[in-house]
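Student: Mind having a look at this structure? Questions to follow.
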Amino acid sequence: MIQSYDLYLPTHLVFGKGRIAELGNLIKGYGKKVLLAYGGGSVKRIGLYDEAKKILADSGCDVVELGGIAPNPKIESVREGVALCKKEGVEFILSIGGGSVLDCAKAIALGANYDGDPWDLVKHPERVGKPLPVFDVITLAATGSEYDFGGVITNEETKEKLPVNGCFPVASIMDPEYTFTVPANQTAAGVADIVSHTFEQYFVREASMLSDGFCESMLKTVMHFGPIAIKEPNNFEARGEIFAASSFGCCGLLSLGRSPSPWPCHGIEHEVSAWYDITHGVGLAIITPHWMRWCLDTDPALVAPKFAQYGVNVFGLNPADGVEVNAKKAIEKTAAFFRSIGITQTLKDFGIDDSHFEAMAEHVTTAWVGDYKYAFVPMDKEAVLAVLRASL
């Protein structure tokens, strides 16, 4: 039965080839002192850095730069950015790059108007206030940060990787051509992240036909075009379809009228990548099929019909084969899809063992933002441990 919902999406999505030309108009009225945030050298290699700098200069902006923002962005980069904003009187932020850069920019935007340590805003969401305006030119189809109000920040000192919420971008520019140079492994990880975002909202106890359709369309889109983009990196249609889909992973559209989810696979993966710095999408692709098997084994009466529906509507399984058969086939086809785009199915391949599993399971069930008793199949510490051990 459809549940109550709220949907608020104030971000202006600007999608298409060459749309960065509109950046100057988008930032009008937001000030002249801008923090330009970016990661490694990719934005310079593809010419985006120079293009953005020229547009900002032509708009009369005074640019302060923060480069070198890493994947799984660290609280140290946030602190550095906040200090720059306060020292230089920054009025708005422009993020160029992938979702990690944008997540960091959002945290900086929130911290710039906060008197304490920006990590406080991660641990104490009630302290979040009004952020600086954030604009972005996104270069990777994955996190969907360009169309939601949150980000994820890692604290290496405390071994925590947690969300910080409260900052919608004012406008996000999405040109599929900027994703042409994304390597195959990063493209695959991005696709896996989009699939996981969808699963976290699709596999819940109460659903609606409308949002089931949204979720299934997302999955069919990225599972069809993901392999094409990996084989043909300059295929505009494939890149564009995946890019367009990625924006809707976390914006709330997929969860309309559905039971809330604590996003169990994301919580578990965040523990793994907080300790080992594995690529987020890769960790999700490894963990997810094992979580699915655990769910089916734990509560087959609840789980099998939903997994079978997924198998029939996304993979085209034959309904005549029956719910139990199709539920198992759906899991195996999910694992096979991840393997087909080059993602391994074991954590051991990344030098990960079980030495920190107890600490991970304890932390995720006590400190994660969602209560695991509200997961599709409720989980406790032992359940998390079971999924982690299976993922080895």
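Student: It is to be established whether one or more residues within segment 365-381 are surrounded by 17 or more Cβ atoms within 10 Å (Cβ to Cβ), aromatic (Phe, Trp, Tyr) and not in a loop (DSSP other than H, G, I, E, B).
Tutor: Scanning segment 365-381, I find at least one residue that is surrounded by 17 or more Cβ atoms within 10 Å (Cβ to Cβ), aromatic (Phe, Trp, Tyr) and not in a loop (DSSP other than H, G, I, E, B), so the answer is yes.
Student: Here is a follow-up. Please tell me if residue 129 is at pLDDT 95 or above, surrounded by fewer than 24 Cβ atoms within 10 Å (Cβ to Cβ) and over 19 Å from residue 193 (Cβ atoms). Let's see the steps before the verdict.
Tutor: Values: at pLDDT 95 or above: yes; surrounded by fewer than 24 Cβ atoms within 10 Å (Cβ to Cβ): yes; over 19 Å from residue 193 (Cβ atoms): yes.
Yes, satisfied.
Student: When both residues are 6+ apart or on different chains and their Cβ atoms are under 6 Å apart, which pairs have a first residue that lies in segment 200-225 and is free of Cβ contacts under 8 Å to residues at least 24 places away in the same chain, and a second that is open to solvent by less than 20 Å² (accessible area, probe 1.4 Å)?
Tutor: Within 6 Å, the pairs are 225/238; 225/242.
Student: Ok, one more. Condition first: polar (S, T, N, Q), in a helix (DSSP H, G or I), closer than 19 Å to residue 264 by Cβ and within 18 Å of the chain's Cα centre (by Cα). Can you find one or more residues in segment 198-216 that meet it? Walk me through how you get there before you give the answer.
Tutor: The first filter runs over segment 198-216 and keeps only residues polar (S, T, N, Q), leaving 198, 201, 208, 211.
After this cut, where a residue has to be in a helix (DSSP H, G or I) as well, the list is 198, 201, 211.
Those still in the list that are closer than 19 Å to residue 264 by Cβ too: 198, 201, 211.
From the residues that got through so far, the ones that are within 18 Å of the chain's Cα centre (by Cα) too are 198, 201.
The answer is yes, given that some residue of segment 198-216 is polar (S, T, N, Q), in a helix (DSSP H, G or I), closer than 19 Å to residue 264 by Cβ and within 18 Å of the chain's Cα centre (by Cα).
Student: Exactly one condition in (1) in contact with a helix residue (DSSP H, G or I) (Cβ under 7 Å, 6 or more places away or on another chain); (2) within 26 Å of residue 246 (Cα to Cα) is not met by residue 332; state its number.
Tutor: Condition not satisfied by residue 332: (1).
Student: Is it the case that some residue within segment 254-262 is touching a residue at least 24 places away in the same chain (Cβ under 8 Å) and buried (at least 24 other Cβ atoms within 10 Å of the Cβ)?
Tutor: Narrowing segment 254-262 to residues touching a residue at least 24 places away in the same chain (Cβ under 8 Å): 254-262.
With buried (at least 24 other Cβ atoms within 10 Å of the Cβ) added as a condition, the list becomes none.
No, there is no match, as no residue in segment 254-262 is touching a residue at least 24 places away in the same chain (Cβ under 8 Å) and buried (at least 24 other Cβ atoms within 10 Å of the Cβ).
Student: Follow-up. Given the conditions (1) over 30 Å from residue 254 (Cα atoms); (2) open to solvent by less than 80 Å² (accessible area, probe 1.4 Å); (3) outside any strand (DSSP E or B), and given that residue 30 satisfies all but one, which numbered condition is not satisfied?
Tutor: The one condition residue 30 does not meet is (2).
Here's the yes/no breakdown for (1) at pLDDT 95 or above; (2) out of contact with any Pro (no Cβ under 7 Å at 6 or more places or on another chain); (3) hydroxyl-bearing (Ser, Thr, Tyr); (4) within 20 Å of residue 336 (Cβ to Cβ):
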site	(1), (2), (3), (4)
141	yes, yes, no, no
145	yes, yes, yes, no
173	yes, yes, no, no
176	yes, yes, no, no
181	yes, yes, yes, no
211	yes, yes, yes, no
226	yes, yes, no, yes
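Student: Could you list, in sequence order, all residues of segment 172-187 that are outside any helix (DSSP H, G or I) and surrounded by 21 or more Cβ atoms within 10 Å (Cβ to Cβ)?
Tutor: So in segment 172-187, the residues outside any helix (DSSP H, G or I) come out as 172-175, 180-183.
Within segment 172-187, 172, 173, 174, 175, 182 meet the criteria.
Student: Quick check: is even one residue across segment 49-70 under 27 Å from residue 238 (Cβ atoms) and modelled with pLDDT under 95?
Tutor: There is no residue in segment 49-70 that is under 27 Å from residue 238 (Cβ atoms) and modelled with pLDDT under 95.
Student: Okay, moving on. Could you pull out the residue among 216, 241 that is of a type in the set (Asp, Glu), open to solvent by 30 Å² or more (accessible area, probe 1.4 Å) and at negative phi?
Tutor: On the way: 216 fails: open to solvent by 30 Å² or more (accessible area, probe 1.4 Å).
Within the list 216, 241, the selection yields 241.
Student: Criterion first (of a type outside the set (Asp, Glu), surrounded by fewer than 19 Cβ atoms within 10 Å (Cβ to Cβ) and in contact with a strand residue (DSSP E or B) (Cβ under 8 Å, 6 or more places away or on another chain)) does residue 359 satisfy it? Reasoning before the result, please.
Tutor: On the way: of a type outside the set (Asp, Glu): yes; surrounded by fewer than 19 Cβ atoms within 10 Å (Cβ to Cβ): yes; in contact with a strand residue (DSSP E or B) (Cβ under 8 Å, 6 or more places away or on another chain): no.
Criteria not met by residue 359.
The values are calculated or read from the model by the stated rules, or taken from the named source; none is laboratory data. This structure is a prediction, so every number in the text was calculated from the model and none was measured. As a convention, Cβ positions derive from the backbone with ideal geometry for all residues, glycine included, and neighbour counts pool all protein chains shown. The accessibility values were calculated without ligands, DNA or RNA, using every heavy atom of the protein model including side chains. Shrake-Rupley method; radii C 1.70, N 1.55, O 1.52, S 1.80 Å.
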